[in-house]
1. Looking at (1) within 18 Å of K170 (Cβ to Cβ); (2) among the hydroxyl-bearing types (S, T, Y); (3) crowded, with 18+ Cβ neighbours inside 10 Å, find the lone condition where S141 falls short.
2. Which pairs have Cβ atoms under 6 Å, sit 6 or more apart or on different chains, and link a residue in the range 75-89 that is touching a residue at least 24 places away in the same chain (Cβ under 8 Å) to one that is in a loop (DSSP other than H, G, I, E, B) and among the hydrophobic types (A, V, I, L, M, F, W, C)?
3. Can you work out which of the residues in the range 85-129 that are under 26 Å from T171 (Cα atoms) and over 13 Å from the mean Cα position of the chain (by Cα) is surrounded by the fewest Cβ atoms within 10 Å (Cβ to Cβ)?
Amino acid sequence: MALQVWETLKEAITTYTGLSPATFFTVLALLWAVYYVATGLFGSSDDHHHQRSRAFEEEKMEPLPPPVQLGEITEEELKQYDGSDPKKPLLMAIKSQIYDVSQSRMFYGPGGPYALFAGKDASRALAKMSFEEKDLTGDISGLGPFELDALQDWEYKFMSKYVKVGTIKKTVPVTEGDANGKASGAAESHAKPAEDCPSQSPAVETEEKSSLADAKDE
């Protein structure tokens, strides 16, 4: 069976190529050798070029500095860490807790898909999966249970991946009623000693009564 296949193959080679089987397989072997050498040369050159490019990129990328603890800062102070200054760390906050997200600058840095969250407390926006300016706030009042669960998932993710570097200082606004109440309280405290003080001492009153009695007798 194998001999019949070989005889048929030899006849086909001679018929279609005009070459003897020995010449045909010699040419085929030479072509394979040329292909192997050529791919080896160009392939190694491409690999070498790729390795050099990657090494250059690694040298170009400076290592990230260690996170700096900021302590308690205001929301206004947090805005300066939005990535606009490459020398400063990239920060964002969730539920008033500030995290250093510099290692994910491709996401939260300028031009990234979540760049608008940087330098802010984006709790409400993350809970609602919103990119609207009005939701870029730490106020989470009025959120539903599903939104609060989503926010909790975000917080767990940040706690496990990024370093906490500070908290947002909460400012208590002074309302007009509180200011008026404090002012009226201060006025009452100043006026109270005057009310409590007696207008005249008993001795003076006695002397005055005696004088009046003497004047009446006279």
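1. Of (1) within 18 Å of K170 (Cβ to Cβ); (2) among the hydroxyl-bearing types (S, T, Y); (3) crowded, with 18+ Cβ neighbours inside 10 Å, only one is false for S141: (3).
2. D82/A118; G83/L90; G83/A118
3. Among them, the one singled out is K88.
Values in this text are rule-based calculations from the coordinates and carry no lab data. Keep in mind it's a predicted model, so treat the numbers as computed, not measured. No Cβ is skipped: glycine too gets one built from the backbone with ideal geometry, and neighbour counts run over all protein chains shown.
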